[in-house]
Amino acid sequence: MSEILSAQVIQNNVKLILMHIRNVCNKVGRADVPRLVAVGKTFPASQTQHCYEAGQRHFGENYVNELEEKSNGLKELCPDIQWHFIGKVQTNKIKKIVECPNISFVETLDSEKHAQTFQNYCSQLQKQLNVFVQVNTSGEVNKNGVEPAKVFDLVSFVKKECPNLTFKGLMTIGSIQQSQKADENQDFKLMRQIRSEVAEKCQIPEVDIELSMGMSNDFSMAIEYGSTNVRMDSSEFYGLTNVPIPKKRTAEKQNDDFRNFFFRANFLDKVDGSGYVEMGNTCVLCSIEGPVEKDREMDEDVEDENPIKITSDELTEEHINVLDQILETFVRTDQLVNVEIRINVKVVCDDGGLLAAATMAVGLALASTNVQIYDIPLAATVLIPSRTATVPLLDPTASEFKNAKQDGGGVLTVVSLPAFTQIAHQYMEGVMTSKQTVMATEFAFKNSLRLYEEVTQTLKNMTK
């Protein structure tokens, strides 16, 4: 990936992640937005710089040598960067941590000995350092952190004996099992309880005690539990992996309910149009360049070419072909004479209903350009769980579809054009009887129209 492309991808992904965080906050009624810490790990300093230039300021490192190298290498290029050390604290490495330029937070303080050592070096260097007390909420022997019963003692020691350390709050790295739960996370629940106890004993307002909890796979739930500081693997910014781990359907969700959804249009810079669709944990980002004039010298048959070019590193060739067919139903291709439109579809995460999400992301992106369209496409995916099933399931997850395929079922994606109240396209995966197909088609079409109000409101709220 070129440096220019890399910088643009990172800039877009930073916006995407922040958008997702704000969306979660809106869903749970939070007015504040948690601090986002991009964890660098083994990525080079140049990638950190791109992320910084995209507006990110807080960066975390697990290893002291990485922290030393990057903080010194970027101190001139990124003057107001704030570094978080989030790895295991070792006594013989504390001096090196404190000496790092722009070190702002240590999130893994877990003993009075380490607190005193940090205090000594900070005093010598006349530095003030923010610290989180790490709590072992899961009780796992391989996890660092203070036992819950001893948290108050360490917090009290820091506040009374370490004037160069500012106690910011509590931090935890919960168990994998808890992070994969869809309904309740005991680690996060315990952290809130410990915060209340510390606030009462130390006579500190709860609001002044931050909670650093939540990483790439569970940050959404952490935000719901009140996290003020989430740590995101930088690979998410650089577009190298997918987020987050899919959640199971909650018991409260009915067969005719969509998963939580979120739409956005016309929000990326340096492109002519953009659209973003989030349905459950399926997230799709679309960017558009054009219309641009075709290079007629490249191909004598240029007039016979499809003026719309779709590219994607994640979509299958079949899905791209289906999107091509869908585009023909709502784009005024007759108006695209001697020009072409370049559409890039990035799948941030696929947890079912990918074609529906991609269709609407492309539709929103096109609607934010000056390309003429007949209508904005809506789409819904319906699952038939088995060959004998008589009740369809709206907006299934990937695991639900996988189970259905094993039982002889299938999914049907229906694209509708609401202005014409008609079906524009259908695409089936798996198996359905003719009767099930008719039932699924009617069910998907009817429910796709329910998205119309949200989509039109998104287009009204477009900002650049």
Revision key, fill the gap. Result of the Cβ filter at 8 Å on region 144-167, keeping first residues that are without any contact (Cβ under 8 Å) to a residue 24 or more places away in the chain and partners that are in a loop (DSSP other than H, G, I, E, B), at least 6 apart or interchain, is GLU147/ASN136
Check your understanding: Is it the case that region 9-26 has a residue that's over 22 Å from the mean Cα position of the chain (by Cα), part of a helix (DSSP H, G or I) and over 21 Å from SER227 (Cβ atoms)?
Key -> no
**Study point:** In region 127-145, residue nearest to THR108 (Cα to Cα) [restricted to those that are buried (at least 22 other Cβ atoms within 10 Å of the Cβ) and of a type in the set (A, V, I, L, M)]
**Key:** VAL133
Exercise for review: For region 92-111, state whether one or more residues are under 24 Å from VAL271 (Cβ atoms), surrounded by fewer than 18 Cβ atoms within 10 Å (Cβ to Cβ) and touching a residue at least 24 places away in the same chain (Cβ under 8 Å).
Suggested key: no
**Study point:** Every residue from region 290-344 that is of a type in the set (D, E, K, R), modelled with pLDDT under 75 and outside any loop (DSSP other than H, G, I, E, B)
**Key:** GLU303, ASP304
Practice item. Specify which of the listed residues (VAL391, VAL411) is under 29 Å from the mean Cα position of the chain (by Cα) and aliphatic (A, V, I, L, M). Key: VAL411
Check your understanding: For residues in region 432-450 being buried (at least 16 other Cβ atoms within 10 Å of the Cβ) and more than 13 Å from VAL391 (Cα to Cα), which is nearest to the chain's Cα centre (by Cα)?
Key -> SER448
Review point. Are any residues in region 329-367 among the acidic types (Asp, Glu) and under 15 Å from PHE261 (Cα atoms), and if so, which ones?
Key: ASP350, ASP351
Review point. Hey, any hits in region 346-356 for a residue that's basic (Lys, Arg), at pLDDT below 95 and surrounded by fewer than 14 Cβ atoms within 10 Å (Cβ to Cβ)?
Key: no
**Study point:** Selection within region 35-72 - under 18 Å from the mean Cα position of the chain (by Cα) and in a loop (DSSP other than H, G, I, E, B)
**Key:** GLY40, ALA54, GLY55, GLN56, ARG57
Check your understanding: Does ALA361 satisfy being over 26 Å from ASN13 (Cβ atoms), at pLDDT 90 or above and either crowded, with 23+ Cβ neighbours inside 10 Å or β-branched (Val, Ile, Thr) (or both)?
Key -> no
**Study point:** Verdict on LYS75 being touching a Ser or Thr at 6+ places or on another chain (Cβ under 7 Å) and assigned to a loop (DSSP other than H, G, I, E, B)
**Key:** no
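The values are calculated or read from the model by the stated rules, or taken from the named source; none is laboratory data. Because the structure is a prediction, the values reported are computed rather than measured. Reconstructed Cβ throughout: ideal geometry from the backbone, glycine too, with neighbour counts over all protein chains shown.
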